[in-house]
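Below is one structure, written out as structure tokens; the observations come after it.
The values are calculated or read from the model by the stated rules, or taken from the named source; none is laboratory data. Note that the coordinates shown come from a computational prediction; the quantities given were computed from them, not determined experimentally. Cβ sites come from the backbone with ideal geometry, for glycine too, and all protein chains shown count toward neighbours. Side chains are part of the model used for accessible areas, which takes the heavy atoms of the whole protein and leaves out ligands, DNA and RNA. Shrake-Rupley method; radii C 1.70, N 1.55, O 1.52, S 1.80 Å.
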Amino acid sequence: MSSLQRDVYGFQLPQLSAHEADARARCLSQAKAAKQWASKKLPDVQLPGAQGSFISEIGKYQVAVSAPQDLKGLVRLGIPESLRPAAWFWLSGGWAKQSAAPEGYYRKLSASSEAVSDEVVFAIEQDVGGLWHSMRQHSLFQTSKGQEALTRVLLALAQHLPECGYVKGLHQVSALLLVVMGLPQEEAVFWTLVALLQDKLFPYCGGALQHGARIEQGVLELLIQRKLPALWSHLVKMGWDVSRLTAGWFTSLFTTVLPPETVVRVWDAIMSEGSKVMHRVALALIKRHETVILGCAQLDLMRRVLELRLSRAFDVDDIMQVAFHGIGSMPASLITKFRDQALGTPVRRSGSHGSSGSGGSGRGRDRSAWAAPVSPAGVAELLLLPGGAGPQVPGSGTPAGGLSTSSTGSVASAAPAPARPSPSTSAAAGSSYRRSQSDHM
């Protein structure tokens, strides 16, 4: 029996056809990108606790780039693997947020879960133990160290953004960040995640993943109407809800849809350009399979075919080519207009929207540079749909995308949600994490 093949990040690969293997090899070839990156200069980004391990790599590209936007075209070609951890930390804005936060802020948050409800602690522990199969099989999460680091990141996030709640999908995003950036860069993973949610993806709702993903799903439907009218007409004719095809794409940032090597290339661009990349990539994935969708008369069959094909989408060069050159113009004003329509009322513009990851540093900065910009009341007022439940999946009591909210309105887990733990059960779940912190400190 042959040994299992793994990708560059240690994820198990399926048996590839000759065509898939060729496409993957071509996309992984970084000779062109590395040569172009060598002509650029990155700032000296110190990863927390890195002790220069990544600085030695970045040193070859030293001096300064005025802003992440200067690298936009190059980032779309793919960031070299050795530079990706520090580049993500900088491009996302995580570096600036960590620099602006009080000394030891993450360490303090990650050392205790006392401020987190037992319900959320229980949901996080359930999700960490139930990662998507490809992530669960990764060697990092076969160990207690990997699982505990992921738990700490998620619990710290729940305390840093309490008004956003915890939602299934965050564990997948955080897990891939840990794999790519490395276990020693746990704090950098946390700040990259915060910046990704607050600044790059959902600045108008303080980084609330559930609400932001629901709004962006509405934006995607409006974009399909405009960009792919024949496909939209087919969906309407068949009575199919777009969210049934794209459920989980935005809440997991494609981690449960595409191969990990493809996802990290998509994330390269998201770190640089933000939420518009989600829409471009989603439209590209749909457009590349438009013939399949148009030729299918059964929704469940089409979903299975689409899921299978996307799970083997190793030609990320083609996906990115279609996303940025095959979709047409998508100005920010159009996205804003569609976002307003999806929400039903103009969204609140955050001052951090569009801010670059290279923005100044310094620990004396106003807390607004790193804390949640929208109050809990503001999030509820702006984002909760009538009834607070959101669009329903036909035949279920679950909001589209598989998300569910707790009885208090905060997100705790995804449907089908585990029964709310009894006081003794949830207390045990919380105490099991709290006991592990004595080893972390």
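Annotations
Residue-wise test of (1) at pLDDT 90 or above; (2) under 27 Å from V322 (Cβ atoms); (3) in a helix (DSSP H, G or I).
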site: E57; (1), (2), (3): no, no, yes
site: S66; (1), (2), (3): no, no, no
site: D70; (1), (2), (3): no, yes, yes
site: G73; (1), (2), (3): no, yes, yes
site: G78; (1), (2), (3): yes, yes, no
site: W88; (1), (2), (3): yes, yes, yes
site: K97; (1), (2), (3): yes, no, yes
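Rundown of residues vs (1) open to solvent by 20 Å² or more (accessible area, probe 1.4 Å); (2) farther than 24 Å from K108 by Cα; (3) at pLDDT 95 or above; (4) not in a helix (DSSP H, G or I), yes/no style:
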| position | (1), (2), (3), (4) |
| --- | --- |
| E187 | yes, no, yes, no |
| L197 | no, no, yes, no |
| L220 | no, yes, yes, no |
| K237 | yes, yes, no, no |
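- Of all residues in segment 244-292 being of a type in the set (S, T, Y) and either at pLDDT 95 or above or open to solvent by less than 20 Å² (accessible area, probe 1.4 Å) (or both), the one that is farthest from R312 (Cα to Cα): S272
- Checked against the criteria, Y166 counts as touching a helix residue (DSSP H, G or I) at 6+ places or on another chain (Cβ under 9 Å), outside any helix (DSSP H, G or I) and open to solvent by less than 30 Å² (accessible area, probe 1.4 Å).
- Some residue of segment 323-338 being open to solvent by 30 Å² or more (accessible area, probe 1.4 Å), modelled with pLDDT of 95 or more and under 22 Å from T255 (Cβ atoms): no
- The single residue among S144, S117, S110, S99 that is hydroxyl-bearing (S, T, Y) and crowded, with 23+ Cβ neighbours inside 10 Å turns out to be S110.
- Pairing residues of segment 268-279 that are touching a residue at least 60 places away in the same chain (Cβ under 8 Å) with residues that are surrounded by fewer than 22 Cβ atoms within 10 Å (Cβ to Cβ) and outside any helix (DSSP H, G or I), at Cβ distances under 8 Å and at least 6 apart in sequence or on separate chains, gives G274/G354; H279/M330.
- Among the residues listed as V120, V153, the single one being under 16 Å from S92 (Cβ atoms) and touching a residue at least 40 places away in the same chain (Cβ under 8 Å): V153
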